[in-house]
Amino acid sequence: MKVLSDRGSYFVVHILLFFACLLVFFDQAITMTNDFKEAQVYMTAEKNKDLLADRGFRAFEPLSQPDENYPTIMIDIDKTFQTIEGFGGAFTDASAINFAKLSKDKQEEFLKACFDPVQGNGYTLCRTTIHSCDYSDEMYTYAEMEDDKGLKHFSIEHDQKYRIPFMKRALEAAKGNMKIYASPWSPPAWMKTNNDMLHGGQLKPDYFQTWADYFVKYVKAYEKEGIPLQ
């Protein structure tokens with residue numbers, strides 16, 4: 001595996017885990033001169049090193065029918081859809097390995113920039129994978145022993161090297177303001193009709209209960225590590 005420099009790893013982690021964003025928060029305050037609501041504008045931009053830079057308040061102005069060439073966002077405050085649970089990224093093996101390659105100072109800088117609710121982006125919802133995925137350095141599961149229906153050999157030891165330490169530090173940086181959920185790419189190969197974690201296949205009926213138990217063991221194992229899952 002190619003070893004990247006601190007700077008290279010830093011940006012790889014950013015690419016894998018997070019995207020630069022422009023955040024706009026709507027304030028409920030009413031201006032002294034009119035009844036139109038205001039927006040408090042925050043900007044993040046790599047070019048000028050802005051990170052959630054406060055650009056102040058901008059009042060919404062009255063606008064009748066906008067010109068078709070005028071960029072316009074129409075908001076109907078009386079019509080709502082699904083609730084937004086949060087914003088964040090993914091804790092994968094790739095991001096965790098690259099994070100580990102950073103110097104201590106760069107690690108702290110990264111954690112603050114991404115997870116700190118006051119001085120950073122304040123990510124509140126992140127995903128991780130149950131065993132390996134296409135962002136892993138190798139293919140693995142937590143139950144490598146074939147036909148282990150009782151999952152007696154279940155172990156998350158692989159994650160304890162990079163991913164779990166990374167997640168713990170992210171949770172600490174988020175100061176309790178982050179939720180994590182998990183999903184698998186595939187059941188272990190021995191549970192599938194094609195005996196392969198790739199190229200399709202289906203879960204064998206004989207392993208329906210085993211696969212369900214696999215989820216339960218995973219959640220409990222992560223909770224034991226101090227990482228609660230949603």
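The values are calculated or read from the model by the stated rules, or taken from the named source; none is laboratory data. Because the structure is a prediction, the values reported are computed rather than measured. Neighbour counts are summed over all protein chains in view; Cβ atoms, including those assigned to glycine, are modelled from backbone coordinates with ideal geometry.
Things worth noting here:
- Scanning region 159-182 for residues that are crowded, with 16+ Cβ neighbours inside 10 Å, under 19 Å from His131 (Cβ atoms) and either over 15 Å from the mean Cα position of the chain (by Cα) or without any contact (Cβ under 8 Å) to a residue 60 or more places away in the chain (or both) returns Asp159, Tyr162, Ala182.
- Among the residues making up region 35-81, those that are farther than 27 Å from Gly120 by Cβ and acidic (Asp, Glu) are Asp35, Glu61, Asp67, Glu68, Asp76, Asp78.
- Test for Glu172: is it more than 15 Å from Tyr222 (Cβ to Cβ), in the same structural domain as Ser95 (by TED's automatic domain parsing), charged (D, E, K, R) and in contact with a Pro (Cβ under 8 Å, 6 or more places away or on another chain): no
- Every listed requirement among (1) more than 30 Å from Lys161 (Cβ to Cβ); (2) of a type in the set (Lys, Arg); (3) modelled with pLDDT of 80 or more is met by Lys49 save one, (3).
- Answer residue from region 118-139, given it is at pLDDT 90 or above and over 15 Å from the mean Cα position of the chain (by Cα) and is surrounded by the fewest Cβ atoms within 10 Å (Cβ to Cβ) among those: Glu138
- Residue count for region 95-108, restricted to those that are more than 17 Å from Ile180 (Cβ to Cβ) and either free of Cβ contacts under 8 Å to residues at least 24 places away in the same chain or within 14 Å of the chain's Cα centre (by Cα) (or both): 3
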